[in-house]
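Have a look at the structure below before the remarks.
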Amino acid sequence: MLDNIKRELRKKFKWSVDITNPLEIPQNIFNKFRNQYESSLTLEFLTKQFPDDHVVAITNSDLYTTGLNFIFGQAKIGKAMIVSTHRLAPTFYKDRGNEKLHQDRVLKECVHEIGHMFGLQHCKERGCIMSPSGTIKDIDNKSIEFCHMCELQLK
């Protein structure tokens, strides 16, 4: 999956993308009562590990942030973003395993969070990759593309 995400992000953003060895996230970021990692603290950890780079992190661990039961991903403007594959997997919803659908969801969320990393807000344009991702259906129903207005803001 990571090689496909790397290839697609390289194509979409014209970036150099490197895959590093997996990192061990500190246990103090893990909430054992929720069985989830706190995403803001995870982003802080990642920016300290890679202070001179933009970080695109993908984890199979479940994520949450204050006030929400879970999140698919989160970004820190200008520095880092993280996406969890945990709730993006069709099997999480008792669907048959579908690797292509899983990869499409992960890629969409990566592009969405990269948009946030570069300062984009949620978009009201249905289908825009920057439209909110509150549910798995929201992700499935949106395109991988930025709408015209979001595209202009990125330039």
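Of the numbered criteria (1) without any contact (Cβ under 8 Å) to a residue 12 or more places away in the chain; (2) closer than 17 Å to GLU113 by Cβ, the one ASN69 fails is (2). For the stretch 116-152, which positions are within 18 Å of HIS54 (Cα to Cα) and in contact (Cβ under 8 Å) with a residue 40 or more places away in the chain? Correct list: HIS116, MET117, PHE118, GLY119.
Identification of helices (runs of 4 or more DSSP H) wholly contained in the stretch 54-155 with 3 or more residues that are crowded, with 16+ Cβ neighbours inside 10 Å and either among the hydrophobic types (A, V, I, L, M, F, W, C) or out of contact with any helix residue (DSSP H, G or I) (no Cβ under 8 Å at 6 or more places or on another chain) (or both) yields 99-117. Flag not set for ALA89, criterion: among the small types (Gly, Ala, Ser) and touching a strand residue (DSSP E or B) at 6+ places or on another chain (Cβ under 6 Å). Selection over the stretch 3-21 of residues that are in a loop (DSSP other than H, G, I, E, B) and either surrounded by 10 or more Cβ atoms within 10 Å (Cβ to Cβ) or in contact (Cβ under 8 Å) with a residue 40 or more places away in the chain (or both) gives a count of 4.
FYI, it's all coordinate maths here, none of it is from the lab. Just so you know, these numbers come straight off a predicted model, no measurement behind them. When we count neighbours, we look across all protein chains shown, and the Cβ atoms used for this are built from the backbone with ideal geometry, even at glycine.
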